[in-house]
Structures are given as C-alpha cells and as structure tokens.
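All remarks here apply to the structure that follows.
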Amino acid sequence: MMNANQRWLTLAIVSSALFLIVVDMTVLYTALPKLTLSLNANASEKLWIINAYPLVVAGLLPAAGMLSDRIGHKKLFMYGLPVFALASLCAAFSPNAPLLIGSRVFLAVGAAMMMPPTLSIIRHTFTEPKERSLAIGIWSAVASGGAAIGPVIGGMLLEYFWWGAVFLINVPVVLIVLPFAKWLIPTDRQTKQRPCDYLGSVQVLIGLVAAIYALKELSKTQPSLLLMLISAALGIAFITIFVRRQRRLDTPMIDFSLFSNRMFTSGVAIALVAMLAMVGIELVLSQRLQLVVGLSPLEAALYILPIPLAAALAGPLAGVLQPKYGERNLVMGGLTITALGIVGLALRYNESLLEILIYLAAIGCGIGASFTAASTAIMFNAPNEKAGMAASIEDVAYELGSVLGITLLGGMMTAVYSSSLVLPAQISLDSAAFDSIDETLKLAKTLNVEQAQWIISQAHSAFDNAFVYVLVSAAILLAVSAITLKRIR
C-alpha cells in the first residue's frame, strides 16, 4: 500500500509525461511561420507537420489501451518514454519537411504508448473516491493546460533558439522522469489472457487516418473530389468492419458495451468537443496575433497565456467540486462559460487588452472544468479491469478533437479567408495567394510598396473575417453540446 506522499509523487511523474504528450499537439502553432520558412514547406506539408502527430496517436491509442491492460500499465509507460525521447531528437534535427513529418509519426508512437497508462495508473493508485476525483482533476488540468500552453512554450523557445528546440526540450524531461517512474510506480496486475488484436489495430488505424484525410481534403480551397471520396469510403469501410468485428469478439480491443452508459458516452463526446474548440481557437488566434497584429512568437504566446493558466486552476477545482455537484452540472457550466468567453472575444477582439484577457481566461476556465468532468465521467463509469481501454477511448477523443479542431476550424478559416480576399484585377498574383494569409503576405513582398500595402490590408481584413466566423462556429458547437447534455437522462 502506497503512502500519501508516494501517491502524489506518482501523479507528478505521470503528469510530467502527459504534459509532454499534449504540449506537442500545439507547440508548433507559434513556431509554424518560422518553421515553414526554414524548411521551405508548402501548404500541404505545413498541415501534415501539425496533423501527423495527433492523427497517428489517435489511430494507435485503441491498440495501446489493449496492450496496457495486457502487459501492465507501468511496463507500457516505461517502454514509451525512451521511444518518445528518441523521436524528439529526430524531429529536432530534421533537415526538411518530409523527414519532420516522419519524425512526428515516430513521436506519435511513443506518445500512444504512454498516454493510456497515465490515467490508468492514477485510477489504480488513488482508491479513495474524493482523492481520486482530485487526482483526475489535476490530470485533466495538465491535459487541457498543457495543450493550451503549447503555443506559449513554442513562442518562448523561438525567442532565443531555433525551431528544433520545441522538440529537443522533451529529452531532458524524459531522462528525469524515467528513473523515478521505474522506482516509484507500482507494478500492476496484468491480464495476459487477453489476446492482442493485431488485425483490429490495423483496421482502426487505417479507418481513422483515411476518414480524417477525407476531412482534410474537404477543407482545402481546391479539394480533389475523387481523392476525398476514396478516402472517406475507405475510412467508413474500415471503421465499420472494425466495429462489427469487435462486437463479435469475446475479448474486444474496444468493448462498445461501455457506451451503453450514457454518462460514459457523454464524457467521451465532451472531451472531443472541448478539445476541438480549444485547439481550433488557439490555432487561429496565434496566427492572427502574428500575421495580422504583428506580434513576435513570444508576444503571441504570452497573449494566449490566460487560457492555460485558467484551465490549470479550474481543473483541480472542478475535481474538488465534482462529488458535490456531479459531472453533468460541471460540464454544462464549463461549456457555457467557454462559449460566452468565445462570443465575447469574437465581438470585442479589437478592444482593450484587459477585456480580451478576461475573455481568454473565461475560455480556459470553462475548458479546464469540462475536461475534468469528462474524465471523471469516463473513468468512474468503467470497470477496473477495463481502465486501460477506457483511458484509451478518452485519449482518442482528445486526439481526434485536436485533429478535427485543426481540420474543421482551420479549414473553415482557410475557406472563409479565400472567399473574403478581394484583389484588384490589375495586380497579377499566383493563385496560391488565396490559399492562406502566409502565401498572400509572401507574394506581397514581390510587389512595389504601394501595391504591397494594399494587398496586406486586404489580407488582414479577410483574415479577421475568417477569425470571427471560426469563433462564432466554435461557440455554437459548445452551446449545442451543453443543451444536448442537459436533455440526456
């Protein structure tokens, strides 16, 4: 039996690893303009540099959850740490965009090995309900706060180092965590009688990747209809085959009977929606601050700081309040606060700094509370022997939310920007100018001063229009989610 100090130190160890995993989902947002220039990455490569990591993590998580329950949560966690460190080194020193994308895929393998065990270890370490609620609240605060603070860390590192430092920083943290994890985390009971479903792992990986690729293709300014339809059909087919096969197995990789519990299902849905909204908002906000307002990566990162700070404070607080008010009320309150903060930002983004910081803090507060309530609903409504499976399902929701936030809200931003950008007929520019504000500003540098100023002004106006569209859409999504949750009994 672990004493209190050992339990909380164990939480600190797994939270440190979780922090690295979630930070890498968003750390490139502020680094993207500089990274794109350094590697001469095109628009497609730029999206894949961001999306390769969460997409592959999402595809691997079901298998990782199964493996975590089979060989033990500690063992899989320990295996994932060195993989993550080695992949970080590869990413930091990638000489071109394709190799960086490959390194991000490698990084995703290490992340997928570590992520389900973090929550499962907490589930088995903290047995007292109130203590477990607080521990899950802290885990959720790290998950939401880490993803939210990623752009801040990226901005601070870019102020003094080259872009590879955003990956290199992972290595010393892993080297510190590894010996403490081996010494402190208790060896848990394994379920070796559970077979490894390699076929199911391949099916769900192909299905998720193909489905998300179809959404990414749809979000382009000039999508390939044929490629989109082929990817969508492939994704739907493999996911359908996977689900039907899992329902027939005696020991499935994902037990879909868990979703018969409405609170479990609601927790998964809220985790996805909350992450989608946060990632999408941070993506468009960090780009606006740099490409329209003209802030440096560090200045843009500090500007966004209220979101992760508020999320980090709200997560544990929600864990303390959960036993009294319940997951449903906390989620509804969190989603409502987030939606109000987003609406305020959409209406007043050009107003005083203090007012904007208040809206950003409201967004972070609501997101942090929502994540904690979602995690509690998921882990409290799953049996002990399926803790790894439940954790992997939640983690898939987070990763899919991250990908969908970039794909859907990022794609909406691109589409609205392209349709809003009006260029004079007498100025001849490549069609790439309509792809993104980065391309427009790059091409503006080839014109004379008067023409360039006109193009830049039009680009800023078009981007602000897209920015408001994205914020309003995110607020509507959160409001609809809160209303739907209220009706679930």
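The values are calculated or read from the model by the stated rules, or taken from the named source; none is laboratory data. What you see is a predicted model; the values in this text were computed from it and never measured. So basically every Cβ, Gly included, is an ideal-geometry build from the backbone, and we count neighbours across all protein chains shown. Side chains included, ligands, DNA and RNA excluded: accessible areas come from the protein's heavy atoms. Shrake-Rupley method; radii C 1.70, N 1.55, O 1.52, S 1.80 Å.
Identify the single condition in (1) in contact with a helix residue (DSSP H, G or I) (Cβ under 6 Å, 6 or more places away or on another chain); (2) within 30 Å of P316 (Cβ to Cβ); (3) among the polar types (S, T, N, Q) that T127 does not satisfy, given that it satisfies every other one.
It fails just one condition, (1).
Residues checked against (1) more than 20 Å from the chain's Cα centre (by Cα); (2) closer than 22 Å to A271 by Cα; (3) in contact (Cβ under 8 Å) with a residue 12 or more places away in the chain:
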site: K34; (1), (2), (3): yes, no, yes
site: K46; (1), (2), (3): no, no, yes
site: L61; (1), (2), (3): no, yes, yes
site: C90; (1), (2), (3): yes, no, yes
site: S94; (1), (2), (3): yes, no, yes
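May I ask you to list the residues in region 315-340 that are of a type in the set (A, V, I, L, M, F, W, C) and under 13 Å from L134 (Cβ atoms)?
L317, A318, V320, L321
Out of all the residues in region 175-202, which are modelled with pLDDT of 70 or more and assigned to a loop (DSSP other than H, G, I, E, B)?
From region 175-202, those modelled with pLDDT of 70 or more are 175-187, 197-202; that's our starting set.
Correct list: I185, P186, T187, D197.
Given (1) buried (at least 21 other Cβ atoms within 10 Å of the Cβ); (2) out of contact with any Cys (no Cβ under 8 Å at 6 or more places or on another chain), where does L9 come up short, assuming only one miss?
(1)
Looking at region 63-99, which of its residues are in a helix (DSSP H, G or I), open to solvent by 40 Å² or more (accessible area, probe 1.4 Å) and closer than 22 Å to L37 by Cβ?
Of everything in region 63-99, those that are in a helix (DSSP H, G or I), open to solvent by 40 Å² or more (accessible area, probe 1.4 Å) and closer than 22 Å to L37 by Cβ turn out to be C90, P98, L99.
Going by the structure shown, is L335 at pLDDT 80 or above and closer than 25 Å to G154 by Cα?
On the way: at pLDDT 80 or above: yes; closer than 25 Å to G154 by Cα: no.
For L335, the condition - at pLDDT 80 or above and closer than 25 Å to G154 by Cα - is not met.
Here is a check on your reading of the model: is L272 assigned to a helix (DSSP H, G or I), among the aliphatic types (A, V, I, L, M), closer than 20 Å to L205 by Cβ and under 25 Å from the mean Cα position of the chain (by Cα)?
Values: assigned to a helix (DSSP H, G or I): yes; among the aliphatic types (A, V, I, L, M): yes; closer than 20 Å to L205 by Cβ: yes; under 25 Å from the mean Cα position of the chain (by Cα): yes.
Yes, satisfied.
Given the criteria crowded, with 20+ Cβ neighbours inside 10 Å and either under 18 Å from the mean Cα position of the chain (by Cα) or more than 14 Å from L477 (Cβ to Cβ) (or both), does I356 qualify?
no
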